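Q: One structure is given below, represented as structure tokens, and several questions about it will come after.
A short reminder: the numbers here are calculations on the coordinates, not readings from a lab. Everything numeric here is computed off the predicted structure, so don't read it as measured data. Cβ sites come from the backbone with ideal geometry, for glycine too, and all protein chains shown count toward neighbours.
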Amino acid sequence: MHNVKVVDTKQEHDDVFAIRKKVFVEEQGVPLHLECDAEDATATHFIMYNNDEPVGAARLRSIDNKTAKIERVCILQSQRGKKLGALIMKEMEKYAISVNKKTLKLHAQSYAIPFYEKLGYMVTSPEFMDAGIPHRAMEKLI
């Protein structure tokens with residue numbers, strides 16, 4: 001049984017960073033100092049568990065009263081293809097609505113654009129590089 005929750009314990013925070021390190025640093029080669037940044041201190045973090053095993057993570061940052069930015073969405077390689085990314089995104093959208101956000105923004109790795117488009121996000125920028133990986137900005141009204 002997969003469940004997504006807002007992080008509120010030290011263990012859940014540790015689980016978020018362990019997943020992010022595995023996916024972004026070890027698998028994708030993003031330098032650790034770019035992966036973990038000052039925004040982590042104020043972001044709302046989300047963790048996904050399969051029973052008690054952490055399998056996915058993401059964070060949401062408030063940009064202004066009506067806008068939030070989804071960042072660091074990741075699912076462990078062994079768990080991909082099971083619609084878990086969509087599950088964590090839907091839970092973040094529900095949370096954003098509950099705190100009165102109207103627009104969600106994100107920077108998608110270019111290969112993942114079709115995934116986000118299926119969830120209702122639209123591309124809003126040309127391709128750009130971030131941590132050596134091609135990205136495009138996307139957004140969705142919620």
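Q: Using a basic spin-label model with each label point 7 Å from the Cα along Cα→Cβ, how many nm lie between residue 49 and residue 21?
A: 2.0 nm
Q: A follow-up question, please. For the chain, would you read off the P(r) tail past 21 Å as a percentage of all alpha carbon pairs?
A: Result: 39 percent of Cα pairs exceed 21 Å.
Q: Ratio of alpha-carbon Rg to the 2.2 N^0.38 Å globular estimate for the range 27-96, to two decimals, please.
A: The value comes to 1.16.
Q: Hey, got the dipole for the chain? About the Cα centre, +1 on K and R Cβ, -1 on D and E Cβ, debye to the nearest 20?
A: Dipole of the chain, to the nearest 20 debye: 580 debye.
Q: From the Cα gyration tensor of the range 59-142, with a ≥ b ≥ c the square roots of its eigenvalues, which class applies: rounded if a/c is under 1.5, or else prolate if a/b is larger than b/c, or else oblate?
A: Oblate, since a/c reaches 1.5 and b/c is not below a/b.
Q: Per the helix-only calculation at 222 nm, which mean residue ellipticity applies to the chain, given -39500 (n - 2.57) for every DSSP H run of n ≥ 4 and division by its residues, nearest 500 deg cm²/dmol?
A: -7000 deg cm²/dmol
Q: Would you be so kind as to identify which of 95, 76, 56 lies farthest towards the positive end of the dipole of the range 56-101, taking Lys and Arg as +1 and Asp and Glu as -1 on Cβ and the Cα centre as origin?
A: Final value for the positive-end residue is 76.
Q: Express in nm, to one decimal, how much length is gained between residue 124 and residue 94 on full extension, taking 0.36 nm for each residue of separation and deducting their alpha carbon distance.
A: The span from residue 124 to residue 94 would gain 8.6 nm if fully extended.
Q: Return a whole-number percent for the relative contact order of the chain, with Cα pairs under 8 Å and 6 or more residues apart as the contact set.
A: Across the chain, relative contact order equals 20 percent.
Q: In debye, nearest 20, what is the charge dipole magnitude of the range 21-97 about its Cα centre with +1 on Lys and Arg Cβ and -1 on Asp and Glu Cβ, if you could check?
A: Once rounded to the nearest 20, the dipole reads 340 debye.
Q: Count neighbours as other Cβ atoms within 10 Å of each site's Cβ, and list the chymotrypsin sites (Phe, Trp or Tyr not before Pro) in the range 68-142 that are DSSP loop with at most 12 such neighbours.
A: Listed in order of number, the matching sites amount to none.
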